[in-house]
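Contents: one structure, followed by commentary.
The values are calculated or read from the model by the stated rules, or taken from the named source; none is laboratory data. This structure is a prediction, so every number in the text was calculated from the model and none was measured. Positions of Cβ are backbone-derived with ideal geometry, glycine not excepted, and every protein chain shown enters the neighbour counts. The area values use the complete protein model at the heavy-atom level, side chains included, leaving out ligands, DNA and RNA. Shrake-Rupley method; radii C 1.70, N 1.55, O 1.52, S 1.80 Å.
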Amino acid sequence: MINDEYFLAALRLAAGSDPIPGHVSAAARDLFRLRVPSAVTAVPAECAATRGVRGAEGPQMVRFVAAGLTFDLEVTVGDGLIDVAGQVCPAPVDGTLVEVRTPHLTLSRRLAHGGHFAVTGLPPGWLSVVCHRPGHAPIQTRWVRIRP
Amino acid sequence: MHDTRDPAELLAAAAGGDQQAWDQLVFRFGPRMWAVARSCGLGDSDAADVVQGAWLRLLEHLHAIREPAAVGAWLATTTRREALQLLRKPPHSPAAEPPAAPDPASAVLEADGNRLLWQTVSTLHEPCRTLLRLVATDLGSRQMAQRLGVPIGSVGPTRARCLEKLRTLISLQETVQ
């Protein structure tokens with residue numbers, strides 16, 4: 001079975017009438033700096049608060065799990081920007097650093113007591129959180145798309 | 001941008017931190033990813049978002065692609081999945097699951113596949129021959145109907161019939177080969 005999208009894409013490619021914009025290619029090249037060598041990827045996991053109980057307008061809960069660590073992120077979109085309040089469980093040791101990353105901006109936070117952290121004013125789009133614990137491989141959440 | 005390394009070599013080099021190898025992957029496979037995103041019906045902004053998402057998936061899976069030689073097909077498949085996810089999901093949604101293996105159908109995007117495709121399109125009768133060429137130029141349904149001299153309501157069904165004919169012919173040729 002051949003999917004129509006691939007067929008249509010092949011026709012479009014051959015026609016050459018809609019080439020990839022230069023800024024899209026440039027953005028793709030630039031993403032390489034976001035590579036985290038040796039990182040373990042935390043994958044999405046279901047939790048009670050992620051089942052859509054808050055409705056489309058309220059904060060969105062997203063949970064990621066890997067290597068015994070759970071990331072709970074509460075993402076709020078307001079005025080076209082993203083705020084993230086999160087918690088890493090169990091609370092990691094002193095010196096743990098969390099990076100909240102987008103393709104355009106990375107904000108770093110030392111984890112507070114209880115593993116809490118918060119960042120505000122991120123641009124909408126793709127987002128990931130990386131946890132750097134002393135003596136451990138970094139753990140990076142899968143990238144998620146956040147839109148207004 | 002000349003680099004003779006094959007896709008598997010580029011992937012391995014990128015996984016080892018080689019920015020040039022990554023740039024070459026972008027150069028080789030970015031255009032087809034863009035075409036896939038646009039073929040799913042996305043506008044410029046959403047298509048750019050989806051292509052960026054597919055590259056981020058590759059960044060996550062640099063060491064975990066099962067068929068490194070088919071990384072181009074994996075990227076096309078990932079782009080389509082992200083596009084379909086964006087089209088059907090609300091604004092806040094978990095990411096699409098990256099594919100374990102590429103869709104076999106994405107092989108039509110390979111260079112030889114493109115040539116075969118256009119050769120086959122040129123053998124079709126009208127209105128399919130013209131319609132598929134117009135589809136490739138991103139003409140809207142109204143303009144396409146005017147160019148073909150058919151009612152606007154018949155463009156969609158005619159397009160589906162023409163793609164089905166094309167699919168059958170390509171399958172037959174692949175069987176013969």
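At a glance:
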{"read-out": "FRET efficiency for B:GLN119 and A:ARG33, using Cβ-Cβ distance with R0 set to 45 Å, rounded to 0.05", "value": "0.60"}
{"read-out": "Structure-based [θ]222 nm, chain B - -39500 (n - 2.57) summed over DSSP H runs of at least 4, per residue, nearest 500", "value": "-21500 deg cm²/dmol"}
{"read-out": "Scaled radius of gyration (Cα, divided by 2.2 N^0.38 Å) that segment A:37-146 gives", "value": "1.00"}
{"read-out": "Dipole magnitude (debye, nearest 20) for chain B, charges at Cβ of Lys, Arg, Asp, Glu", "value": "880"}
{"read-out": "Between segment A:1-46 and segment B:14-46, the Cα center-to-center distance that results, in Å", "value": "4"}
{"read-out": "Diffusion constant of segment B:7-102 at 37 °C, which comes from Stokes-Einstein with the Kirkwood Cα-pair radius and 0.692 mPa s, µm²/s", "value": "246"}
{"read-out": "For segment A:97-112, Karplus couplings with θ = phi - 60° (6.51, -1.76, 1.60), whole Hz, Gly/Pro x", "value": "10, 10, 10, 9, 10, 10, x, 9, 8, 10, 10, 10, 9, 6, 5, 7"}
{"read-out": "Potential lengthening between B:THR4 and B:SER171 on full extension [0.36 nm per residue; Cα-Cα distance subtracted]", "value": "57.0 nm"}
{"read-out": "Choice from B:VAL36, B:VAL71, B:VAL155 with maximal GNM fluctuation in chain B (Cα, 10 Å cutoff)", "value": "B:VAL155"}
{"read-out": "Segment B:111-176 - Rg and Dmax from Cα coordinates, angstrom", "value": "12.3, 38"}
{"read-out": "Chain A: relative contact order as a whole-number percent, Cα under 8 Å and 6+ apart", "value": "20"}
{"read-out": "Solitary cysteines of chain B, where the nearest other Cys Cβ is not under 4.7 Å", "value": "B:CYS40"}
{"read-out": "Dipole in debye (nearest 20) - chain A, about Cα centre, beta carbon charges: Lys, Arg +1; Asp, Glu -1", "value": "320"}
{"read-out": "Per-residue average of Cβ from other chains inside 10 Å of A:135-146", "value": "4"}
{"read-out": "Axial C-alpha extent at least 27 Å, average Kyte-Doolittle at least 1.6 - helices from chain B (DSSP)", "value": "none"}
{"read-out": "20 °C / 1.002 mPa s Stokes-Einstein diffusion coefficient of chain B, Kirkwood radius on C-alpha pairs, µm²/s", "value": "120"}
{"read-out": "Cβ neighbours within 10 Å from other chains - mean over B:37-46", "value": "3"}
{"read-out": "Gyration tensor verdict on segment A:92-148 (Cα atoms; rounded if a/c is under 1.5, prolate if a/b is larger than b/c, oblate otherwise)", "value": "prolate"}
{"read-out": "Compactness of segment A:1-43 as Cα Rg over 2.2 N^0.38 Å, two decimals", "value": "1.77"}
{"read-out": "Nearest-10 value in Å² for the accessible area of A:MET61, using the 1.4 Å probe", "value": "30"}
{"read-out": "Over 32 Å [Cα-Cα, the protein assembly as shown], rounded percent", "value": "36"}
